[in-house]
Every structure is written in C-alpha cells, then in structure tokens.
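What follows is one structure encoded as structure tokens, with my remarks underneath.
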Amino acid sequence: MRISGVGCLVVDYIYHDVDFSRPEASQYLSNDGINGVLVGEGNLLQQLEEHFQRPKEVIIRDMTGGRTPEKALGGVSVVTLISAAQLLSDCEDIEVFYHANIPNNELGRFALETIQATPLCTEFLRIVPGESVVTYALCGVDLSGKPSRTFLCYPTVHPSTALHVDQLDDGFYDSELTVFSCIQWEPEISRCLSSVLKKSKETGSITIVTTASDPMMRGRKKWVLGDGDQAYQYIDILIMNHDEALNYSGTDDLDGAAGYFKSFPAIEGVLITNGRLPTYVYARGGLSLPWEGFVPTAGAIDRDKEQGILPVGDTVGCGDNFCGGVVASIARQLRERSGKIDLVEACIIGNLSGGITSTTIGGVFKERYSGEKRAVMNRYLADYRRQVAEPL
C-alpha cells in the first residue's frame, strides 16, 4: 500500500511559557479580530509589522520576553505524514511518501536530517536552490488559562521552493491514500486543488484533506479551500479543528458547519477537533460505517502528565499528529480487512497520536527506537477504547 502526501514544511522556532497577559505582549493582541495577534491562531508577520510599524524582531522579543527558542521541524503536512509513518512502521507493505522541495541551505539540511531519522520515505523530496521559511511558535496559556500555541509566520513555502503540479508523478495519484495538508501554503498545488483531487479520485485513491489556520483569509466571512468550493466534490475525508470548520463553512456554530460539509455528497467523513473537548465525527456510510456523534479525548494521557508518569511537552503539532493518526488507522483498516472504514476507531488513534505528541517539544515525536510512539499508544489503547464506548 502506498500513502502519498503534499503540503507545507517549515522550521519552527518554539518559545515556551509565553504570558500573553504581560503588558509587553498584550499590546499586540487583536481588539477587532482582524488587526493584531489572535491567540491560538496563525498570524502573518508582515501584517503585524505594517500594523504596529515595528520589525518582527521587536514584536517577537516583546511577546516572548526575550526568551531563546528551540528549533524543530514543523509544518502541517510533513508532521502529519511522519506521524502516520511512525504508527505504521510495523507494516512493511505500507510506505508513506512526502512530496516537497527543500531548500539547499542550513535550515533545509536540518529539516532533511530530521525527516531521515523517521520512517517517512524521502524518494520524492527534492533539494533545490531556494530560501527557507521560519514559523515562530509561542507556547503558553491563552487569556482563559488554557494551554495554547500561537504562530507568527510568513507564507510557509517560499516561492523558490514551491512544488509544481508536474512534480506529482503517476505514483502519487495511484496511491491508495492521498493526503493534502494545509494546502494553501503550497500555492501552485492550491491553485488547481480540484483537478489534483479529481485525478486522485479517478484512479481510485481515497482523498484526505486536513486544514490549518489561514491568516491570509483573516477578515473574510467564509474562507476558501484551494481553488474554491468545487474542491469539496472530490474529498473523501475532511479533518479540521473547530475554528477552521466555522471559517471554511462560513457558519457560526458546529451544527451549521457540520451541515455545510455534509451537504457535499462526495464527502464521506468529517472529523472536527476542539482541543481537549470531544471530537465531532460524521461518517456517511459509503466507504465508512455510518455514525455521527462525539468522541472524548484520552484523559489518561493528561492525568499521566500531571502525575509525572509522562513528560510534559507543548501543544505544537498535536493537531497534525491527530491527522497522522487518522491516516494511519484508515490505512491499517484497509490493509487488515475489506469492510468499511470505522472512523470512530480512526478518531481514537488520532486522539492518542495527538495526545502523545503533547509529551514532547515540537510537532515530531522523536523516537529513540523504531515503533516507540506506537508502543506508547498501545499502552493506552484498550482503556481508551473502553472510555469511548461509554456514554458521554
């Protein structure tokens, strides 16, 4: 089996213990939902520099209190696919490929070395002349005291390294699963997303689309996915967080968002996460077992972190690892049986994958041995399945 994915790759500079209530930081917070920093979301540095008439170095220093960051591989797509590859590392007949261009510079080499230490296949990673893009991840608690991470970024693929459609080979489209993550940051692919999805569907691939906060859409009532709503006609599984679901649907609540996505007959499943709150799952019943409801998060992981049984990391990349867990579960289900996909089971693996990532720094769970992440997950799997089976 072949899984192929496309989407953004960045290097994260991660700052911990950021206190957004400090006057030096709070002066940059948005009062109107358009200008300034939205905590917990992606924020374009260029807009912040223009609005506050200050360089990024000053804004980042003020918001972080001058802390020294940690460097880590980030980016929605590569982290999603690494997570899937880690959870499938015991399946020798499943390969996970990432399609991207990586700049031939220091940060590009750091990214490549990080990827090479994981089970992700690198055959379609091309080293090209170009520039890297850095995202500044500010980790702390939001103004209500909940754990949060806030991103300050530029568009996360530099034009010099943008992937072009003709770089997607026949093997990409022939994959059993094709995964499109935060596709707005791969502008050339995003501009023709519908046709790429359509071609994947025509070869029998199951198409999975995951989204991320899009600061370029700030101020719009309804966000645009790829080249428009026609893209939804070719999506099998759609994964978003709560805020993204409201923004991409242009609705005001979860019921409205779910109804909007369910109105596209091609969409087989929808998963909408909401931090530590239960995940909404909808399965139409074609490719999947029909189901609609909420799946609680794995409380045992949070309890074990509080008790010191598990280390405490940050929330960077937890959503991406959720997506990777869903991809891995779907792939394993297709491999092990010919029946319909169980999206509740996929959500269970996704929630465990995301929760386990909160025990490490950055979005990539750095395995000390092959299969470590899967082994940690398996410690919680049986009890968590029982938890999910209980009424909410």
**Message:** If I filter segment 304-316 down to residues being out of contact with any Leu (no Cβ under 9 Å at 6 or more places or on another chain) and not aliphatic (A, V, I, L, M), which single residue comes out as surrounded by the most Cβ atoms within 10 Å (Cβ to Cβ)?
**Reply:** D314
**Prompt:** Quick one: which of P278, P290 is open to solvent by 10 Å² or more (accessible area, probe 1.4 Å), in contact (Cβ under 8 Å) with a residue 60 or more places away in the chain and out of contact with any helix residue (DSSP H, G or I) (no Cβ under 9 Å at 6 or more places or on another chain)?
**Reply:** P278
**Prompt:** Tell me, which residue of segment 382-391 that is open to solvent by 20 Å² or more (accessible area, probe 1.4 Å) and either assigned to a helix (DSSP H, G or I) or modelled with pLDDT of 95 or more (or both) is farthest from E306 (Cα to Cα)?
**Reply:** A389
**Asked** Quick check, is V11 among the hydrophobic types (A, V, I, L, M, F, W, C) and closer than 14 Å to A137 by Cα?
**Response** yes
**Request:** State whether the residues of segment 154-166 include one that is open to solvent by 30 Å² or more (accessible area, probe 1.4 Å), at pLDDT 95 or above and polar (S, T, N, Q).
**Result:** no
**Fill in**
For segment 248-274, the count of residues that are within 16 Å of the chain's Cα centre (by Cα) and surrounded by 18 or more Cβ atoms within 10 Å (Cβ to Cβ) equals 5
**Request:** Determine whether V344 is in a helix (DSSP H, G or I), open to solvent by less than 30 Å² (accessible area, probe 1.4 Å), of a type in the set (A, V, I, L, M) and in contact (Cβ under 8 Å) with a residue 24 or more places away in the chain.
**Result:** yes
**Message:** Looking only at residues that are open to solvent by 40 Å² or more (accessible area, probe 1.4 Å) and outside any helix (DSSP H, G or I) in segment 317-341, which one is modelled with the lowest pLDDT?
**Reply:** S338
**Residue in segment 137-145 that is at positive phi and in a loop (DSSP other than H, G, I, E, B) present** = yes
**Message:** Just checking, does segment 80-95 include any residue being acidic (D, E), surrounded by 16 or more Cβ atoms within 10 Å (Cβ to Cβ), closer than 17 Å to K366 by Cα and in contact with a strand residue (DSSP E or B) (Cβ under 6 Å, 6 or more places away or on another chain)?
**Reply:** no
**Asked** Going by the conditions given, is V364 out of contact with any Asp or Glu (no Cβ under 6 Å at 6 or more places or on another chain), over 20 Å from T279 (Cβ atoms), aliphatic (A, V, I, L, M) and buried (at least 24 other Cβ atoms within 10 Å of the Cβ)?
**Response** yes
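To keep it simple, each residue is scored yes or no on (1) assigned to a loop (DSSP other than H, G, I, E, B); (2) under 15 Å from L287 (Cα atoms).
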residue	(1), (2)
D227	yes, no
Y232	no, no
L238	no, yes
D243	no, no
N247	no, no
G256	no, no
Y260	no, no
I267	yes, yes
**Members of segment 154-178 found to be within 13 Å of L197 (Cα to Cα) and aliphatic (A, V, I, L, M), listed by number** = V165, L168, L177
**Message:** Can you go through I127, I82 and tell me which one is within 21 Å of V157 (Cα to Cα) and assigned to a helix (DSSP H, G or I)?
**Reply:** I82
**Request:** Go through segment 15-58 and give me each residue that's assigned to a strand (DSSP E or B), of a type in the set (V, I, T) and either open to solvent by 70 Å² or more (accessible area, probe 1.4 Å) or in contact with a Phe, Trp or Tyr (Cβ under 8 Å, 6 or more places away or on another chain) (or both).
**Result:** V37
**Asked** What residue, among those in segment 269-285 that are assigned to a loop (DSSP other than H, G, I, E, B) and at pLDDT 95 or above, is nearest to C318 (Cα to Cα)?
**Response** R284
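The values are calculated or read from the model by the stated rules, or taken from the named source; none is laboratory data. None of these values were measured; they are calculated from a predicted model. Ideal geometry is used to build each Cβ from the backbone, glycine not excepted, and the neighbour counts take in all protein chains shown. The protein model used for the area step is the full one, side chains on, heavy atoms only, and it has no ligands, DNA or RNA in it. Shrake-Rupley method; radii C 1.70, N 1.55, O 1.52, S 1.80 Å.
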